[in-house]
Amino acid sequence: MIITILGGAGFMGAGIVRDMISDRAIINITTIRICDTSPPRMEALVNELGDPRLDLVDLDVTNPAKLAAAITGADICVNCVPTLAGHQMVIFEAAFEARVPYVDLGGLGTYTVKQIAENERFKAAGMTAITGIGADPGLSNVICRAVADELDAIEKINLYWAAELVGPENPVLVPPYSVSTVLAEYAHPSTQFLDGRHVSCAPMTGVEVIDLPEPWGRCEFMYSPHSEQLTVPLAEGIAEKGIQEFTWKLHLPHREHEAWVGLVKAGFGDFNEPVEIGGAAVKPLDVLAKVIQRNIEKNADKIPAQDSHEIHFAIGRGKKNGRPAMARCDVIVTPDPMYDGYVDACTSMCASIAVQLLLKHPRKPGVYAPEGYFEAADFFAEAEKRKFKVTKSFEYLD
């Protein structure tokens, strides 16, 4: 099989490549097209991995011919180009025109809704697309599917993600993912599903404190703009069970949380609105990203070794056999030598799992979020091969 990965030498794309060439593969991969705008980055990745199946392609998503050439003839197109670069729908349509199945790492809600709106057109063409196949969205959606499947009637599902760093205090701010994404999570309103309908909620609201086991401890969660709340309560097998509430809440490591709150207070929440400096218009995002990157490079010797621990969990409440009930599903990812070389092993590995499950089994035409496409048991079986700890619990509440 031929896999095209757009943005294949970036942090997430490179991680997907690593997982696909590992002994965990469940499909026969003959070629992986690493398509990226940075030849040095691509060459460094190929030299490091040394796998003959890796093929380098110079990517220019603004050039229709080059984009089509990168996708055409592949068995799947994996879009790892950052969503906020603004090319999501162009790539989505290019895959459709090439009649190549499409997946991406998520569209921050807005693009996800636009993509799912094309469901009937994709079905008519016999085409398959799945949006948001990383960790959040991706794994988180499947967790919600697992919870929903345990209940006959659903009152609400609340979804959470928390990260914590263990080790010496880091004097350098190192973003957990792209600067633009973090700022959007802290500064942009989010859409949540409350009282049976989608409503807009102000940034950093919906605060909820939950005591988790160490190393997370007492965590303060908040609403954040994501795509899960736009798709899960509308999914087949969930919507018809009467769900009235679905929320997604975030907790970043405590000290890093304070830093991002401070940046938003300083005005970096309007990161794409240019400011004039010396007669030139510049975007705050461009300045901040450059300063952060320079600081990381300048102080690389001061960045201590830290272990990242993350927990994804969903709690569902409703009824089972006519009795009030609660179902919960947790996935914990803690440090392991398997994750060496990955920037975000959970996102990359879950994307690889989704791609391989899609290609291994007969495809279902249409455009789906993960909870509408994958069986939780299949996905979790692959996740456990990658040292993710999956636990499920159920209890009657009467």
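Screening Leu84 against (1) of a type in the set (A, V, I, L, M); (2) open to solvent by less than 50 Å² (accessible area, probe 1.4 Å); (3) in a helix (DSSP H, G or I); (4) touching a residue at least 60 places away in the same chain (Cβ under 8 Å) leaves a single unmet condition, (2). Residues in region 358-371 that are open to solvent by less than 30 Å² (accessible area, probe 1.4 Å) and in a helix (DSSP H, G or I): how many? So the answer is 4. Say whether the condition of being open to solvent by 50 Å² or more (accessible area, probe 1.4 Å), in contact with a strand residue (DSSP E or B) (Cβ under 9 Å, 6 or more places away or on another chain) and not in a helix (DSSP H, G or I) is met by at least one residue in region 255-268. Checked region 255-268: no residue is open to solvent by 50 Å² or more (accessible area, probe 1.4 Å), in contact with a strand residue (DSSP E or B) (Cβ under 9 Å, 6 or more places away or on another chain) and not in a helix (DSSP H, G or I). All of (1) touching a Leu at 6+ places or on another chain (Cβ under 8 Å); (2) modelled with pLDDT of 95 or more; (3) over 27 Å from His361 (Cα atoms) hold for Ile91 with one exception: (3). The condition of being within 27 Å of Ala125 (Cα to Cα) and without any contact (Cβ under 8 Å) to a residue 60 or more places away in the chain holds for Pro64.
In region 256-269, the residues that are farther than 9 Å from Tyr186 by Cα never reach a residue that is part of a helix (DSSP H, G or I) and among the basic types (Lys, Arg) with C-beta atoms less than 7 angstrom apart, at least six apart or across chains. Would you please name the residue that is farthest from Leu173 (Cα to Cα), looking only at residues in region 289-309 that are outside any loop (DSSP other than H, G, I, E, B) and touching a residue at least 60 places away in the same chain (Cβ under 8 Å)? Per the criteria, the residue is His309. Any idea which residue in region 102-161 is surrounded by the fewest Cβ atoms within 10 Å (Cβ to Cβ), counting only those that are modelled with pLDDT of 95 or more and among the acidic types (Asp, Glu)? Selected residue: Glu120. Within region 333-344, the set of residues being crowded, with 18+ Cβ neighbours inside 10 Å and in contact with a strand residue (DSSP E or B) (Cβ under 7 Å, 6 or more places away or on another chain) comprises Val333 only.
In a strand (DSSP E or B), open to solvent by less than 10 Å² (accessible area, probe 1.4 Å) and more than 17 Å from Ala25 (Cβ to Cβ): does that describe Val390? Here the answer is no, as Val390 does not meet what is asked. Scanning region 195-211 for residues that are part of a strand (DSSP E or B) and either open to solvent by less than 40 Å² (accessible area, probe 1.4 Å) or on the phi > 0 side of the Ramachandran plot (or both) yields Val199, Cys201, Ile210.
Filtering Glu236, Glu214, Glu276 for residues that are charged (D, E, K, R) and either under 20 Å from Val182 (Cα atoms) or over 25 Å from the mean Cα position of the chain (by Cα) (or both) leaves a single hit, Glu276.
The set of residues in region 67-81 that are exposed (fewer than 15 other Cβ atoms within 10 Å of the Cβ) and in contact with an Asp or Glu (Cβ under 8 Å, 6 or more places away or on another chain) contains only Ala68.
Going by the conditions given, is Val46 hydrophobic (A, V, I, L, M, F, W, C), outside any helix (DSSP H, G or I), open to solvent by 20 Å² or more (accessible area, probe 1.4 Å) and more than 23 Å from Phe379 (Cα to Cα)? The answer is no for Val46. Testing Glu214 on (1) open to solvent by less than 60 Å² (accessible area, probe 1.4 Å); (2) more than 29 Å from Lys265 (Cβ to Cβ); (3) of a type in the set (Asp, Glu), one condition comes back false. Which one is that? Result: Glu214 fails condition (1) only. If you go through region 303-334 and keep only what is within 23 Å of Leu49 (Cβ to Cβ) and either β-branched (Val, Ile, Thr) or modelled with pLDDT of 95 or more (or both), you end up with just Val333. Gly242 meets all of the listed conditions (1) within 22 Å of Val207 (Cα to Cα); (2) modelled with pLDDT of 95 or more but one, namely (1). Pairing each residue of region 277-288 that is open to solvent by 40 Å² or more (accessible area, probe 1.4 Å) with any residue that is assigned to a strand (DSSP E or B), provided the two are 6+ apart or on different chains, yields C-beta distances under 9 Å for Ala281/Val275; Val282/Val275; Val282/Glu276; Lys283/Val275; Val287/Val275; Val287/Ile277. Tallying residues that are open to solvent by 20 Å² or more (accessible area, probe 1.4 Å) and in contact with a Cys (Cβ under 9 Å, 6 or more places away or on another chain) within region 165-194 yields 3. Condition first: farther than 26 Å from Asp307 by Cβ and aromatic (Phe, Trp, Tyr). Now tell me which residues in region 219-263 satisfy that. Hits for region 219-263 are Tyr223, Phe246. Close Cβ contacts (under 7 Å, 6 or more residues apart or on different chains) running from residues in region 199-218 that are within 20 Å of Ile311 (Cβ to Cβ) to residues that are open to solvent by 40 Å² or more (accessible area, probe 1.4 Å) and among the β-branched types (Val, Ile, Thr) comprise Pro215/Val166; Arg218/Val209.
The values are calculated or read from the model by the stated rules, or taken from the named source; none is laboratory data. Keep in mind it's a predicted model, so treat the numbers as computed, not measured. Note that each Cβ is placed from the backbone with ideal geometry, even for glycine, and that neighbours are counted across all protein chains shown. Accessible surface is based on the protein model in full, side chains and every heavy atom, while ligands, DNA and RNA are left aside. Shrake-Rupley method; radii C 1.70, N 1.55, O 1.52, S 1.80 Å.
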